[in-house]
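Only one structure is covered here, and it is reproduced in the block below.
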Amino acid sequence: MTARKPGRFLRFAGAVWRGVDLASRLVLALLVIAVVVALAMLLRGQPPEVPDGAALVVAPSGVLVEELSGDPTDRALDELTGQAVAETLWRDLDDAIRAAAGDDRIRVLVLDLDGMVGGGLEKLQALGAAIDEFKQSEKPVIASADFYGRDAYYLASAADEIYLNPEGAAVLDGYGRYRTYYKEGIDRLEIDWNVFRVGEYKSAVEPFLRNDMSPEARQANREWLGDLWSSWTADVSAARGMTLAELGAVIDGFVMRVAEADGDLAQAALAARLVDHLASRDQVRDRLIELVGEDEETHSFHQVGHRAYLAALGDDRRRRPVEGNGVAVVIAKGTILDGSQPPGAIGGDSTAALVRDARHDDANKAIVLRVDSGGGSAFASEVIRRELELAREAGKKVVVSMGTVAASGGYWISTASDEIWASPTTITGSIGIFGMLPTFQKPMQKYLGWRVDGVGTNWLAGALRVDRALDPGLAEMIQLMIEDGYRDFLERVAEARDSTPEQIDQIARGRVWSGANALELGLVDHLGGLDEAVASAARLAELGENYAVRYVQRQPGFGERLLRNLLSRAGGRLAPELRPARRGHAAPVRDSLLELLRREAETLAALNDPSGVYALCFCAVE
């Protein structure tokens, strides 16, 4: 009897332990379920409330873009620490302003333009049209900033009242195209910078071949820059009730006006009728309190920011259905690179995958490709173009909407479409190809005393080493490949535009055109923005009036959405003095020579075409 007692005890203890283990597992499972439910509720959150009788504050930060750059989670972390690149989705501003026009809760539109660095003219014009729509509701528009640059002032000019800080300024610099030229330095270092191109207007490689801008590039640049400036001055003069001559006299004679104001830039802007009032920030705040009343908690005016306002609107921001047959919008923004790329860059694989997703969704009867790119890899461009061609073969209507820039590879991917829409100020064309292969064997020998030697099984072995002179046979082969790529480009454009390669060659050869000129030359079909392109795609697909518009983009996982939501909430709870400072108007002035060189070097270093062949236009404006 006594001998059996330990066995009974162990069996009893084991049963107890299994019971405890089962209970703990159940409790743990319940806790996990509770946490998941709580996190799901946190993800959903409560939409912000829009105060009745409030001002909608539109405060763009940094540059207006089609798509925010970088991995979304990394960006959320960078925003929390103040390291994020300052960017604002222009269509967020557009949606907020247009929705507020018919929203009785919104009484005033406030354009807070202190944090705005810039934006392409095509985007500015679209936002200007949205502001005009808001003004038709007979609600006032107030613009305020400590400093107005060219792009911020374009938006401000549409306002009913423009306020400028008495210590501020309005500097309306025109459009320019300036680059750093390296030829003399390359020669001094005895680098063999081997360049292959087709088209005398293909100026992307000029800095490595010349010490100045070529006559061909100067002529072409002057024409499309002139088109942009003509549109800018026409829009601004009309908005401010001036003639073109009056605005021209203000800009050209601004030094004289500053002298008359004893060096006071703000007074000079007021005297020139560029602004309506000089007012400090508290005086602007008092004016807005006068219009919409005072918030007793904040002692400021009743307001809602455009991000909170869009969150409150939810899926109804454009008053369109989100389910059912509709138009899929795919964004192609940035340099075209091979492989998969994060948002803000165009990946041959990743962007093609988005088009493929849109093609396989039966609810998408049409696809709009929104292009904002100066091009890049010719190979990746063809991967994307082919995917669009497959979408058309599958019965989808494909319409291209060109943004600020749709040139070179950006035009290549646009050719597989039923229609191409461009803004009059879109920068497009630049139909041309180039390749570069620098070799450094001479400076290595001269300055370092290094030499390369060895053997290979044939003449191509080691031929692509940058520390060896380029083999003449390889140079000839690369040039032939570039010329073949150019012929392919011409044939694609000719087929798409119902023309011949010979006719397209006359307007190609790397030359850049404005959207208005591109329409005259037959490179695009219609002038208009994204909304017009979407509406046209819906008409082509016979969708009627009540169709859905869906943006096709990479969908974040649950964990990624949770982290971004938590970071967003944490950022919203930071005290104002702890939040990252906005990158304001002084940022462009702070760009050093090293920063300019770094940006160009990063662009070149990112290029990864498998064959080293590029359809790329360095056609950004300053």
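Stretched out straight at 0.36 nm per residue, the stretch from A353 to E323 would grow longer than its current Cα-Cα span by 8.6 nm. So, R0 is 35 Å and r is the distance between the beta-carbons of V255 and K135; what FRET efficiency does that work out to, to 0.05? Rounded to the nearest 0.05, the efficiency is 0.60. The residues of the range 120-202 expose on average 37 square angstrom of accessible surface per residue, using a 1.4 Å probe on protein heavy atoms.
M481 to D192: FRET efficiency via 1/(1 + (r/R0)^6), r the Cβ-Cβ distance, R0 22 Å, to the nearest 0.05? Before the final figure, lay out the partial values.
Working: r = 19 Å, r/R0 = 0.85.
Efficiency for this residue pair is about 0.70.
Extent of the range 414-467 along its three principal axes (Cα atoms, max minus min coordinate, largest first): 56, 30, 10 Å. Taking the range 311-344 and a reference point 7 angstrom along Cα→Cβ of N608, the backbone N atoms nearer than 16 Å belong to 334-344.
Accessible surface computed residue by residue for the range 352-456, with neighbouring protein chains in place and a 1.4 Å probe, gives 33 Å² per residue.
If you wrap the Cα atoms of the range 155-286 in a convex hull and average its projected area over all directions, you get 12.0 nm². One decimal place: the segment R222-Q503 gains 98.8 nm when fully extended, by the rule 0.36 nm per residue minus the C-alpha distance. Calculated accessible area for the range 457-540 comes out at 52 Å² per residue, all protein chains present (probe 1.4 Å; ligands, DNA, RNA ignored).
Out of the trypsin sites (Lys or Arg not before Pro) in the range 269-322, which ones are loop residues according to DSSP with at most 11 other C-beta atoms within 10 Å? For trypsin sites (Lys or Arg not before Pro) across the range 269-322 that sit outside H, G, I, E and B with at most 11 neighbouring Cβ atoms in 10 Å, the list reads R319.
Given the range 214-286, report the % of alpha carbon pairs whose separation exceeds 14 Å. Of all Cα-Cα pairs in the range 214-286, 70 percent lie more than 14 Å apart.
For the range 395-497, dividing the convex hull volume of the Cα atoms by the residue count gives 159 Å³ per residue.
Spherically averaged projected area of the convex hull of Cα atoms, the range 251-331: 10.4 nm². Modelled label positions at T457 and E491, each set 7 Å beyond Cα in the direction of Cβ, lie 3.3 nm from each other. Computed over the range 125-174, the P(r) curve from all C-alpha pair distances, binned at 5 Å from the origin, holds 5, 21, 29, 22, 14, 8, 2 percent per bin.
Given their separation in residues at 0.36 nm each and the Cα-Cα distance between them, E545 and E200 gain 119.5 nm when the chain is fully extended.
By the equivalent-ellipsoid construction on the alpha carbon gyration tensor, the range 84-222 comes out with semi-axes of 43, 17, 13 Å, ordered largest to smallest. Based on C-alpha pairs under 8 angstrom that are at least 6 apart in sequence, the range 328-419 has a relative contact order of 31 percent.
Across the range 286-361, the volume of the C-alpha convex hull divided among the residues equals 154 Å³ per residue.
List the GluC sites (Glu not before Pro) within the range 82-189 that DSSP assigns to loop and that have no more than 12 neighbouring Cβ atoms inside 10 Å. Show your work: numbers first, answer last.
On the way: sites: E87, E122, E133, E138, E161, E167, E184; in loops: E138.
Answer by residue number: E138.
Please report how far the C-alpha centroid of the range 315-360 lies from that of the range 394-418, rounded to the nearest whole angstrom. Between the Cα centres of the range 315-360 and the range 394-418 lies a distance of 13 Å. Cut-off 19 Å, label point 7 angstrom out along Cα-to-Cβ of Q445: give me the residues of the range 173-196 whose amide nitrogen falls inside. Answer for this model: 186-194. Structure note, pairs K202/K333; K123/K365; K202/K397: Cα-Cα distances above 28 angstrom occur for K202/K397.
The values are calculated or read from the model by the stated rules, or taken from the named source; none is laboratory data. These numbers were taken from a predicted model, which means no experiment stands behind them. Methodologically, a virtual Cβ is constructed for each residue, glycine included, from the backbone with ideal geometry; neighbour enumeration extends over all protein chains shown. Heads up: the accessible areas ignore ligands, DNA and RNA and are worked out on the full protein's heavy atoms, side chains in. Shrake-Rupley method; radii C 1.70, N 1.55, O 1.52, S 1.80 Å.
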